[in-house]
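K.L.:
Provided herewith is a single structure, encoded as structure tokens, for subsequent inquiry.
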Amino acid sequence: MGEPAFLILTALVAEPKHGYAVIEDVLDISGGQVRLHTGTLYSVLDRLREGGLIEVDREEIVASRLRRYYRLTGVGQERLAAETVRLRRNADAAAARLSGFSLRPGTGVA
Amino acid sequence: MTGHDPRLERRYERLLALFPVAHRREYEDEMMGVLMAGSAPQQRYPGLRETANLVRCAVWLRVGGRGAGSTDRHWAPAAAVFGLVVCFMLLTYRLGVVGAEVLGGWRVDGRLLILPGQWWFAMAGWTVAVAFAFTRFRLVAAAGAWAAGLSEVAVEVVDYPTWPSHLVEVWWMLVLSGGAALALTARGRARPQGALGVRRAVVMSSAFAVLAILPSVDAMLAVVTRFGDGGYSIGALGGYNAPGWLGGHHVSGVITLVPGMICALVILYCLLRASAPVCRRLVAMFAPALALYVVVPPVFNGFLVSTQRFDPPVLLVPGQWVFLIAFPLALFIAGALLVARGERHAYLIELGRTAEREARLKQAAATS
């Protein structure tokens, strides 16, 4: 699972959201590090829908335009939980190794 | 959003036009809403990064990258189900014939028939196709179906000069074989159990397995009557007698027919329980072969009855070939178009209703 998909699923945990709200929430979740562009957002949303990880919660017409709210499915929740465990394990492993790491003389930047 | 420059919207529209039609149909409205919501009040041109991202995603989808979203997302699961069911049908048919003929022959004279190599090849191909249709090994399943289907076609082509009527009679099955191979090739990452549900996929597979062994059971339980002059007959329970040599006939009696009918209904029920869009597409995919099955006997009646009386037999004329090839193709295209049109209409109607509901709610809120 790529970072955009992970963040989008995370954004949909609390409540169903429409596209723009997902972009804003992802920006918030990532501490301002990840700003999803519209093309990426809808490519990933489509793939997540196809995989059954999210589904359309409801549709609205706002300013003569369709607005869809997406929500997490049970499958999506399970996948997100599994991915979270995997990422945490990797992060813990990296942290453990880094804690005992020190640059040997002449191998790194001064 | 009223403060936005209309030229910006037109420029975004041009960029969104780069996306595949199916993707636009599904997401264009939403994407435009998001793009406009994310733009500055007096912005006139799309941002450079946004533009680059839209172009990159559009190209990615055009070249078949993942996430090629569309209202036609239902074709892939429908193709997966269609491919599986047809491969199951053809495997079941082959196993049924083999079971009935081998065991029927063994019951008559105690010897086992030696099956033609093509039968083994076809059965192996259909088995591979069925087994891998449940997995993500799309190409293995497709290769099995293509190998089996082409072997069936090859046999008919070889026999055609001396037995043209048989080619016409089994044409609907050849169309099904080709359709199954194409469907398993084009199904993408979809798997049939995704559309049918795991439980129904298991039930359907079990029904096919029962269908495959019923003729063998019938043959084993059939009554063999021997006559003084060396002749014999073999009669299945409640079925017909096949005098003399079996001559390629199934030995089918009530054991095959009654539970067979129940199994067929179970399979049909499992298919009908799939979602409505998948069901509609399944109908469009099965329609050509079913129509051929119904239409060919009356349309080719004269040919079927008379051609084998000539030596050599009369072969099909170009017009008949055109019909056999063009009719199923035209029927499938018409079916696919009808599905797309019907769903588009239903979608627009729903959209209109939602807008109407929205307007009523706003009106009620304004008056109160």
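K.L.:
Taking 8 Å as the Cα distance limit and 6 or more residues as the minimum spacing, I'd like the relative contact order of chain B as a percentage.
P.N.:
In percent, rounded to a whole number, it is 17.
K.L.:
Here's another thing I want to ask about it. Please state the charge dipole magnitude for chain B, taken about the Cα centre, from unit charges on C-beta atoms (+1 on K and R, -1 on D and E), reported in debye and rounded to the nearest 20.
P.N.:
It works out to roughly 1520 debye.
K.L.:
Something else about it: List the residues of the stretch A:53-99 for which accessible area in the full set of protein chains is at least 50 Å² lower than for the chain on its own; 1.4 Å probe, protein heavy atoms only.
P.N.:
Listed in order, they are A:I61, A:R65, A:L66, A:R68.
K.L.:
Under a point-charge model restricted to the Cβ atoms of Lys and Arg (+1) and Asp and Glu (-1), what is the dipole moment magnitude of the protein assembly as shown relative to its Cα centre, in debye to the nearest 20?
P.N.:
Details: 48 positive and 36 negative charges, 266 e Å.
My answer is approximately 1280 debye.
K.L.:
Still on this structure, I have one more. Please report the buried accessible area for the interface of B with A, total over both chains, probe 1.4 Å, in Å² to the nearest 100.
P.N.:
Heavy-atom accessible area buried at this interface is about 2500 Å².
K.L.:
What number, in percent, do you get for the relative contact order of the stretch B:73-136 if the mean sequence gap of Cα pairs under 8 Å and at least 6 apart is divided by its residue count?
P.N.:
Value for the stretch B:73-136: 46 percent.
K.L.:
With every protein chain present, what accessible area does B:K362 have (1.4 Å probe, heavy atoms only), rounded to the nearest 10 Å²?
P.N.:
So the heavy atoms of B:K362 present about 130 Å² to solvent.
K.L.:
What is the angle, in °, between the Cα long axis of helix B:117-133 and the longest principal axis of the Cα atoms in chain B? Nearest 10 is fine, range 0 to 90.
P.N.:
30
K.L.:
Roll a 1.4 Å probe over the protein heavy atoms and report the accessible area of B:F134 in Å², nearest 10.
P.N.:
Accessible surface of B:F134 is approximately 50 Å².
K.L.:
Still on this structure: With each run of n ≥ 4 DSSP H residues scored as -39500 (n - 2.57), what mean residue ellipticity at 222 nm is computed for chain A after dividing by its residue count and rounding to the nearest 500 deg cm²/dmol? Walk me through the numbers on the way to the answer.
P.N.:
Values: 4 runs with 59 residues, N = 110.
Taken over chain A, the calculation gives -17500 deg cm²/dmol.
K.L.:
If you take the charge dipole of the stretch B:6-68 about its Cα centre, with +1 on Lys and Arg Cβ and -1 on Asp and Glu Cβ, which of B:P41, B:T51, B:V21 is farthest toward its positive end?
P.N.:
Result: B:T51.
K.L.:
Taking 0.36 nm per residue of sequence separation and subtracting the Cα-Cα distance, how much length would be gained by fully extending the chain between B:V305 and B:V153, in nm to one decimal?
P.N.:
Here the segment from B:V305 to B:V153 would lengthen by 52.5 nm.
K.L.:
What does the accessible area per residue of chain A come to in Å², with a 1.4 Å probe and no ligands, DNA or RNA counted? Write out the running numbers ahead of the final one.
P.N.:
Details: 6250 Å² over 110 residues.
Heavy-atom accessible area per residue stands at 57 Å².
K.L.:
Here's a follow-up. Working from Cα positions, state the angle (0 to 90°, nearest 10) between the long axis of helix B:48-62 and the longest principal axis of chain B.
P.N.:
Approximately 10 degrees, to the nearest 10.
K.L.:
Where the accessible area of the protein assembly as shown is counted over protein heavy atoms with a 1.4 Å probe, how much of it, in %, is carbon and sulfur?
P.N.:
On the way: 16460 of 25630 Å².
In the protein assembly as shown, the share of accessible area belonging to carbon and sulfur is 64 percent.
K.L.:
If you take the beta carbon distance between A:A81 and B:V198 as r and set R0 to 25 Å, what does 1/(1 + (r/R0)^6) give as a FRET efficiency, to the nearest 0.05?
P.N.:
It comes out at approximately 0.75.
K.L.:
Turning to a different aspect of this structure: Hey, with R₀ at 56 Å, roughly what FRET efficiency would B:V223 and A:Q33 work out to, going by the Cβ-Cβ distance, to 0.05?
P.N.:
With R0 = 56 Å, the Cβ-Cβ based efficiency is 0.10.
K.L.:
Hey, another quick one. Grab the alpha carbons of the stretch B:1-58, take their convex hull, and tell me the volume per residue in Å³. Kindly include the intermediate steps, with their values, before the conclusion.
P.N.:
Working: hull volume 3.9 nm³, N = 58.
Convex hull of Cα atoms, per residue: 68 Å³.
K.L.:
Can you work out the accessible area per residue across the stretch B:6-68, with the rest of the protein chains kept in place, probe 1.4 Å, in square angstrom?
P.N.:
Values: 3410 Å² over 63 residues.
Heavy-atom accessible area per residue stands at 54 Å².
K.L.:
Lys and Arg at +1, Asp and Glu at -1: add these up for the other residues within a Cβ distance under 14 Å of A:V34 and post the number.
P.N.:
Within the 14 Å Cβ shell, the charges total -2.
K.L.:
Looking at the P(r) of the stretch A:3-96, how many percent of alpha-carbon pairs lie beyond 22 Å?
P.N.:
Beyond 22 Å sits 29 percent of the P(r) for the stretch A:3-96.
K.L.:
Sticking with this structure for a sec: Rounded to the nearest 500 deg cm²/dmol, what is the calculated helix-only ellipticity per residue at 222 nm for chain B, with -39500 (n - 2.57) per DSSP H run of length n ≥ 4?
P.N.:
Counting only the DSSP helices, I get -25000 deg cm²/dmol.
K.L.:
Continuing with the same structure: Between B:R10 and B:Q118, what FRET efficiency comes out of the Förster formula 1/(1 + (r/R0)^6) with R0 = 45 Å and r the beta carbon distance, rounded to 0.05?
P.N.:
Calculated value: 0.15.
K.L.:
Still on this structure: Starting from the Cα of B:E169, step 7 Å along the direction of its Cβ; do the same at B:R341; then give the gap between the two resulting points in nm.
P.N.:
So the label points at B:E169 and B:R341 sit 3.8 nm apart.
K.L.:
Springs between alpha-carbon atoms under 10 Å, Gaussian network over chain B: tell me which of B:L324, B:L214, B:L348 tops the mean-square fluctuations.
P.N.:
Looking only at B:L324, B:L214, B:L348, the biggest GNM fluctuation is shown by B:L348.
K.L.:
Helix B:6-16 versus the longest principal axis of chain B: what angle, 0 to 90°, nearest 10, using Cα atoms?
P.N.:
Here the helix axis deviates by roughly 20 degrees.
The values are calculated or read from the model by the stated rules, or taken from the named source; none is laboratory data. Quick caveat: nothing in here was measured; it's all calculated off a predicted structure. Reconstructed Cβ throughout: ideal geometry from the backbone, glycine too, with neighbour counts over all protein chains shown. In case anyone asks, the SASA skips ligands and DNA or RNA and just uses the protein heavy atoms, side chains included. Shrake-Rupley method; radii C 1.70, N 1.55, O 1.52, S 1.80 Å.
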